[in-house]
Amino acid sequence: MTKIILSFLLLLSLSQKAIAVYDVNENCKKAWMLVMDLRVDQAKKLLAEEIRANPENYYAYYLDQTCNVFKLLINSSDAEYEAFVKNFEKKREIMDGKDEDSPYYLSCYAEMELQVSVFSVMHGAQWSGLTKGYAAYKNVYRNIERFPAFPTNQKLDGFFNVAIANLPPFVKWAISFFGVKVNMQKGFRTLNQYYETQKNVEGLNAEAALYMILAAKINKTPERVYEFTKSLDPEVSKTFIHSYFRANIAYRTGRNEEALKTLQQITHDENGIADVIYSYLMGKVLLRKLDPRAEHYLKRYLSHLEKKEYLKEMNYNLGIFYLLQGSREKYQRQCEIVRNQGMDLNERDREALYDASLDYPPNVNLVKARLSLDGGYLEEFQKVMKSFETGHEKIYAYDIESHYLKGRYEAMLKNNNLAIAEFKKTIELGEDEDYYFACEAALRLGKIYQEMGQKTLAGDWYRKSIKLYQSDYYEYIEDKAVKALNSL
């Protein structure tokens with residue numbers, strides 16, 4: 001009898017051990033699709049049911065944390081961040097040491113660590129965040145060593161290679177400190193390989209596509225995924241996240257009308273978290289169009305906002321809206337908010353801080369001209385530039401900026417000789433001034449000469465751009481100049 005009981009207990013323990021798995025089952029795949037549609041609460045409800053039914057399906061715990069990540073990325077307070085870290089620790093207490101022979105064990109652990117790392121840096125705990133990020137990095141490559149054929153390894157391997165190469169200035173020192181070496185082009189290839197392995201797997205195909213898009217955005221090369229965003233499987237493409245990023249990539253590549261049309265086709269819960277980022281992008285798209293409806297969305301976004309990130313950017317955009325409506329007083333009030341509120345960890349916020357701190361008042365027609373160029377509205381650009389040239393205040397910066405904008409216009413039309421002349425005039429007028437125009441004009445000259453096949457001249461202008469760069473300028477200028485020079 002004793003032997004029978006012992007045998008039964010042994011079989012029971014073995015069966016319990018057998019179900020301690022990372023099971024990407026139908027519930028988890030459906031949860032992924034719900035997350036991609038930003039129906040995060042529904043996804044968490046489905047995962048809670050999965051955990052009740054299969055308490056040792058540790059993939060569900062990982063995915064539940066990923067649901068929280070989407071919420072935090074869109075809008076989060078310090079209290080929500082602290083709760084997120086505590087929940088991570090509770091989940092790891094459940095998951096640590098369980099099913100360690102699964103290739104998912106270190107893979108999910110590394111991604112969860114990386115998620116905490118990112119939010120720690122965003123919420124001011126930089127050293128803690130960087131050490132957690134390094135631990136995630138080490139776990140990824142430990143897992144690759146153990147399971148070289150495991151496809152999910154490609155996701156974080158690719159992402160690390162791109163993201164680390166694009167770390168913001170305030171944490172770039174960590175690359176040499178931790179002795180990390182990356183290859184950005186390898187990163188993009190690896191992410192593409194991962195997408196190819198997952199593109200027919202429900203839920204995971206949407207996540208793999210998102211990693212491709214985020215990598216291009218981090219690298220400031222949205223044009224490399226423009227066609228990709230339009231080639232996705234219809235079930236993936238129609239999710240809120242992928243519709244949003246299709247609009248976002250169109251916006252970033254100067255296709256403002258396409259971005260607007262895509263946003264107008266999106267249906268979403270106006271009381272949910274999707275409305276936060278919808279209002280963010282719609283406000284900026286309408287501002288480029290010089291559409292008075294921009295005010296509604298800019299204010300709506302700011303009214304939703306709990307996190308400090310993007311506070312400077314969107315307050316400055318609202319200030320620009322007021323300026324275009326003729327209220328310099330309201331514009332100045334918004335600039336005061338930009339200078340004194342929010343945080344400057346985000347590149348967009350740092351750009352807004354630069355603009356709000358200029359030593360001259362913006363010219364309304366030049367602001368309209370820049371917005372029109374950014375959105376691809378070339379006829380509107382011509383119209384407002386004529387208004388500018390008809391009469392404007394005699395401020396030296398206006399002359400520099402006008403030549404810079406005309407250079408951009410001619411470059412867009414592929415009138416290379418005219419563009420070169422305008423950019424050279426910008427540099428002649430502005431290289432000794434504390435404005436970014438000459439620095440970016442040199443970058444754009446390098447690009448024109450590179451496209452013309454004149455690599456030596458291209459390299460000279462890229463080096464000129466790097467030399468003119470100052471730390472408070474738009475960071476993408478130096479970043480693009482350095483990458484372009486390296487590509488030569």
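The values are calculated or read from the model by the stated rules, or taken from the named source; none is laboratory data. What you see is a predicted model, and the numbers here were worked out from it, not measured in a lab. Cβ atoms come from the backbone with ideal geometry, glycine included; neighbour counts cover every protein chain shown. Side chains are part of the model used for accessible areas, which takes the heavy atoms of the whole protein and leaves out ligands, DNA and RNA. Shrake-Rupley method; radii C 1.70, N 1.55, O 1.52, S 1.80 Å.
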Considering the stretch 147-167, residues that are touching a Leu at 6+ places or on another chain (Cβ under 8 Å) and open to solvent by less than 40 Å² (accessible area, probe 1.4 Å), and then whichever is nearest to R350 (Cα to Cα), we arrive at V162
With respect to D374, determine if the residue is open to solvent by less than 30 Å² (accessible area, probe 1.4 Å), in contact (Cβ under 8 Å) with a residue 12 or more places away in the chain and touching a Gly at 6+ places or on another chain (Cβ under 7 Å).
no
Among residues of the stretch 241-282 being closer than 17 Å to K220 by Cα and of a type in the set (S, T, N, Q), the residue least open to solvent (accessible area, probe 1.4 Å) is N248
Note: among S77, S107, S120, just one is touching a residue at least 40 places away in the same chain (Cβ under 8 Å), of a type in the set (S, T, Y) and crowded, with 19+ Cβ neighbours inside 10 Å, namely S107
Please determine whether any residue of the stretch 386-398 is under 30 Å from E258 (Cα atoms) and under 25 Å from the mean Cα position of the chain (by Cα).
no
Of the candidates E428, E401, the one satisfying the condition of being of a type outside the set (V, I, T), over 30 Å from L73 (Cα atoms) and open to solvent by 50 Å² or more (accessible area, probe 1.4 Å) is E428
Considering the stretch 90-102, residues that are in contact with a helix residue (DSSP H, G or I) (Cβ under 9 Å, 6 or more places away or on another chain) and part of a helix (DSSP H, G or I), and then whichever is surrounded by the fewest Cβ atoms within 10 Å (Cβ to Cβ), we arrive at I94
When every residue in the stretch 436-447 that is free of Cβ contacts under 8 Å to residues at least 40 places away in the same chain and of a type outside the set (A, V, I, L, M, F, W, C) is compared, the one most open to solvent (accessible area, probe 1.4 Å) is K447
(message) Can you find a residue that is in contact with a Lys or Arg (Cβ under 9 Å, 6 or more places away or on another chain), part of a loop (DSSP other than H, G, I, E, B), modelled with pLDDT under 95 and over 29 Å from V182 (Cβ atoms) anywhere in the stretch 276-295?
(response) no
Taking first residues from the stretch 405-420 that are within 15 Å of Q450 (Cα to Cα) and second residues anywhere that are of a type in the set (D, E), the pairs with Cβ under 7 Å that are 6 or more apart or on different chains are A419/E410
Of M452, M412, the only residue that is of a type in the set (A, V, I, L, M, F, W, C), within 29 Å of L286 (Cβ to Cβ) and surrounded by fewer than 19 Cβ atoms within 10 Å (Cβ to Cβ) is M412
